[in-house]
Amino acid sequence: MIPAIQHQFEFWRHLGQMGGYFNQYEGVSSLFPKDTTWPSKIFDLKEHHIIGLKNKIASYQLAKSVAVEENETLENLLQAQGFRQTSSVAAMTMHNTAEVEYANYPEIEKVMDAFGAKMFAKVASKSFGYTIYESTIAPLIHSKKVQLFIGRYQRDYVSCGIVFQDSIGDFGLHMIGTKRKFRGFGLGKKMTKHLLATALKNDSEFIHLVASKLGAPIYHKLGFQHQGYLKSYTI
C-alpha cells in the first residue's frame, strides 16, 4: 500500500479509537459515529468482502462512503455491486531533508482545551462545508499522536489543521482548511507551513497528506511528491 494512504487509514483508525466509533470487521474497517457525517468511512477493504458490503450498509451497520487505494480490480468489483465513484484525491509524500525549514506563526495556536476544540470544529465546518461536531474533536486533545491547530486573522479564528504521528514515526498533515471568505490571503499556506514545522521539529523522515486536484500543485511546490490516488465510492 502507498505509504501516504496507509498513514491516512491509520489516522482514521486513531480518530475512531479515540472517539469510540471504530469497528474492525472481517475484511473491512469502519468509522461510523452516531448522528454525524464526519468521519464516516469504510476503509481497509479486502476484495472478497465486497459482496456483503451492500447489505451491511443497507442495514446501517456501516457508513456509505468507501475509501480505496487506486486499484482497477477492486474498483471494478465495487462498480459491479452498484457503487459509484464520488471523489479522487492525490496521495503525496515529502522526504524530510536538512535543507527544508519552515517558520512558526504566532497567530496559529495549538488547541489545548474545550474552547479550542469548539473553535476548531466551527472553523473546520465552515471551511469544508459539512458539520464537524465539537464532540468529535474534543477527544483528540488527549491524544499523544495528534496536535490540533487554529489560526487567527485579526480577531477571528479562520483556519485549522491537524498533525498526526503514525506508528512508524511518520507525520501527516490533515484537515487543512480556511473559511471561504478569508481565502486568498495566504492563510492556508501559513497553516500548512506551521504544520510542516511541527513535523520537522519532531524529526519525521517522511511527511504525508492527501490533496484535492486544486491543492496538489500547491503541495508539490512545497516539496510533496505524488504517489497515487485515494478514491471514494458510495452507494
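The values are calculated or read from the model by the stated rules, or taken from the named source; none is laboratory data. What you see is a predicted model; the values in this text were computed from it and never measured. Note: ideal-geometry Cβ built from the backbone for every residue, glycine included; neighbour counts use all protein chains shown. The protein model used for the area step is the full one, side chains on, heavy atoms only, and it has no ligands, DNA or RNA in it. Shrake-Rupley method; radii C 1.70, N 1.55, O 1.52, S 1.80 Å.
Compute the relative contact order of the stretch 166-235 as a whole-number percentage, counting only Cα pairs closer than 8 Å that sit 6 or more residues apart in sequence.
Relative contact order for the stretch 166-235 comes out at 36 percent.
Over 28 Å between Cα atoms, which of Lys34/Lys193; Lys145/Lys193; Lys145/Lys189 qualify?
Lys34/Lys193
State the answer as a single residue: which of Leu78, Ala67, Ile137 lies farthest towards the positive end of the charge dipole of the stretch 58-207, with beta carbon charges of +1 for Lys and Arg and -1 for Asp and Glu, about the Cα centre.
The Cα lying farthest towards the positive end belongs to Ile137.
Can you work out the accessible area per residue across the chain, with the rest of the protein chains kept in place, probe 1.4 Å, in square angstrom?
Dividing the accessible area of the chain by its residue count gives 51 Å².
Given the -39500 (n - 2.57) contribution per DSSP H run of 4+ residues, what per-residue ellipticity at 222 nm results for the chain, rounded to the nearest 500 deg cm²/dmol?
-9000 deg cm²/dmol
Could you give the nm distance between label points at Ile168 and Asp113, where each point is 7 Å from its Cα heading toward the beta carbon?
Label at Ile168, label at Asp113, 3.9 nm between them.
If contacts are Cα pairs under 8 angstrom and at least 6 residues apart, what is the relative contact order of the chain in percent?
Averaging sequence separation for qualifying contacts and normalising by length gives 28 percent for the chain.
Percent of accessible area on the stretch 128-167 owned by carbon and sulfur, 1.4 Å probe?
Summing carbon and sulfur atoms, their accessible area is 43 percent of the total for the stretch 128-167.
Averaging over all projection directions, find the projected area of the Cα convex hull of the stretch 163-230 and quote it in nm² with one decimal place.
Answer in nm², one decimal: 5.0.
When the C-alpha atoms of the stretch 135-182 are aligned to their principal axes, what extent does each axis show, in angstrom, from largest down?
For the stretch 135-182, the Cα spread along each principal axis is 37, 22, 15 Å.
How much FRET efficiency would the formula 1/(1 + (r/R0)^6) give for Gln24 and His220, where r is the Cβ-Cβ distance and R0 is 41 Å, rounded to 0.05?
0.75
Just to be sure I understand the model, the point goes 7 Å from the Cα along the line to the Cβ. What's the resulting Lys181 to Asp203 distance in nm?
Those two pseudo-labels are separated by 4.6 nm.
Among Phe206, His174, Asn23, whose Cα lies farthest out toward the positive end of the dipole of the chain, if unit charges sit on the beta carbon of Lys, Arg (+1) and Asp, Glu (-1)?
His174
For the stretch 31-117, with only Lys/Arg (+1) and Asp/Glu (-1) charged at the beta-carbon, what is the dipole magnitude about the Cα centre, in debye rounded to 20?
720
For the chain, give the magnitude of the charge dipole about the Cα centre (Cβ charges: +1 Lys/Arg, -1 Asp/Glu; no others), in debye to the nearest 20.
So the dipole magnitude of the chain works out to roughly 1080 debye.
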